[in-house]
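Only one structure is covered here, and it is reproduced in the block below.
Nothing in this text is a laboratory measurement; each read-out follows from the coordinates by a stated rule. As the structure is a computational prediction, the values presented were derived from the model and not from experiment. As a convention, Cβ positions derive from the backbone with ideal geometry for all residues, glycine included, and neighbour counts pool all protein chains shown.
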Amino acid sequence: MQKRKETGMTLVEVLIVLVIVAILAAIMLPSYQSNVRKAGRAAAKGALMDIAMRQEQYFINNKSYASSLPALGLPDPYYIDKATEVVSAAASTRAYQLTLSNTSVTSYDAVASTVHTQTSDGCGNYTLKADGARSVSGSIDASVCW
């Protein structure tokens, strides 16, 4: 009588593979989420720099800063996703809402407020002032975020 060679995996082998996959996922997920948040930060900074450039051009043309986003050729409300694409207020991919505040003839604050997918970011809201001053509202130091 010949012995049949058994094929396949035992339950123990399957459990070992599942444990290894779970450990790898537990290690990789926080790193992935951190990189996704960093991409959102880059989008916010890029959008704020775009607003600043538009404000400077507006100032050259009108001898004052704009008091609204539509005056700069931007939508109001102005939401972006992590790819710096303009999205609607209802979009599930929105990461920041961009606004102007403290506007006057000689100054403005451009603010990127976290929304939806970016709210867990420790940098919080970004602010770029007319004089170039940069700040964040979160618990992480502004020098790290900017």
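If the reach is capped at under 16 angstrom between alpha carbons, list the lysines near residue 3, excluding any in the same chain fewer than eight residues apart.
Within the straight-line limit of under 16 Å, residue 3 reaches no lysines at all.
Taking 8 Å as the Cα distance limit and 6 or more residues as the minimum spacing, I'd like the relative contact order of the chain as a percentage.
This gives 16 percent for the chain.
Hey, with R₀ at 25 Å, roughly what FRET efficiency would residue 144 and residue 16 work out to, going by the Cβ-Cβ distance, to 0.05?
After rounding, the FRET efficiency stands at 0.05.
To the nearest 10 degrees, how steep is helix 11-62 against the longest Cα principal axis of the chain, on a 0 to 90 scale?
On a 0 to 90 degree scale, this one is about 10.
Straight-line reach from residue 38: which aspartates and glutamates have Cα under 18 Å away, leaving out those fewer than 8 places along the same chain?
Partners found: 81, 85, 121, 141.
Where in region 1-71 are there trypsin sites (Lys or Arg not before Pro) that are in a DSSP coil and have at most 15 other Cβ atoms within 10 angstrom of their Cβ?
3, 4, 5, 63
Can you compute the helix-only [θ] at 222 nm over the chain? Use -39500 (n - 2.57) per DSSP H run of at least 4 residues, normalise by all residues, nearest 500 deg cm²/dmol.
-14000 deg cm²/dmol
By how many nm would the segment from residue 129 to residue 9 lengthen if fully extended, with 0.36 nm per residue of separation less the alpha-carbon distance?
Stretched out fully, the residue 129 to residue 9 stretch lengthens by 36.9 nm.
What are the semi-axes of the equivalent ellipsoid of region 11-145, taken as the square roots of 5 times the eigenvalues of the Cα gyration tensor, listed largest first and rounded to whole Å?
Those come to 39, 15, 10 Å.
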